[in-house]
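J.: Got a structure here, written out as structure tokens. Questions coming.
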């Protein structure tokens, strides 16, 4: 068991889209749908993290060090949002520009995602089971976005990060499990399963021939389980 996944091409580029019929340089419908979905996930996640951090800062005003940590996290989340937003908008408007399509995130970007999103004094446990191996860039990007959306939902509904994020490498597949503990007070950690984010997570998994199951746990927590095929090296 290791504390973080180190394999993968975090900086892998998306496959360059061919121009759509009509206006040269316009991304095709499938590419636009992917970018718009990424845009939703990225912006929603960052803004949710900023709101949570701002709320935490208000409760810590007498504690200067805790307030400073919350404000630092707010600034970092805001900067990350701007960088990701600019990259995605460039991909939408200039897919054949000099910088090419935006870089797709990967498993090695998960620790930074969790650090930026964490409320003061909170942390998520990220572990890996099995023998790590390189995964295709689309698989890594899908797993990253599923974690990102799960973190957004957990922050929105419980004010905390998921308690455990586990990546399991199996024979012919990779599995991702995101578990969120029940919030303080005992109310169920519902995650708005009918929202755009949950639908996008299922679409990502299905688009790669996998499956995603999400639902409440008996203890009032929440669980997202994703299985994606991984045939391994050709």
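J.: Residues in segment 106-133 that are over 16 Å from the mean Cα position of the chain (by Cα), in a loop (DSSP other than H, G, I, E, B) and exposed (fewer than 15 other Cβ atoms within 10 Å of the Cβ): how many?
T.: Qualifying residue count for the region: 4.
J.: Something else now. Considering segment 91-105 alone, what residues qualify as being in a helix (DSSP H, G or I) and either crowded, with 20+ Cβ neighbours inside 10 Å or at pLDDT 70 or above (or both)?
T.: 91
J.: Taking residue 140 as meeting all but one of (1) touching a helix residue (DSSP H, G or I) at 6+ places or on another chain (Cβ under 6 Å); (2) buried (at least 24 other Cβ atoms within 10 Å of the Cβ); (3) closer than 19 Å to residue 50 by Cα, write down the number of the exception.
T.: (3)
J.: Go through segment 148-176 and give me each residue that's closer than 19 Å to residue 228 by Cα, out of contact with any strand residue (DSSP E or B) (no Cβ under 6 Å at 6 or more places or on another chain) and in contact (Cβ under 8 Å) with a residue 24 or more places away in the chain.
T.: 148, 149, 169, 170, 172
J.: Right, something else. In segment 196-234, which residues are surrounded by fewer than 16 Cβ atoms within 10 Å (Cβ to Cβ) and at pLDDT below 80?
T.: 196, 231, 232, 233, 234
The values are calculated or read from the model by the stated rules, or taken from the named source; none is laboratory data. What you see is a predicted model; the values in this text were computed from it and never measured. We place every Cβ from the backbone using ideal geometry, glycine too, and count neighbours over all the protein chains shown.
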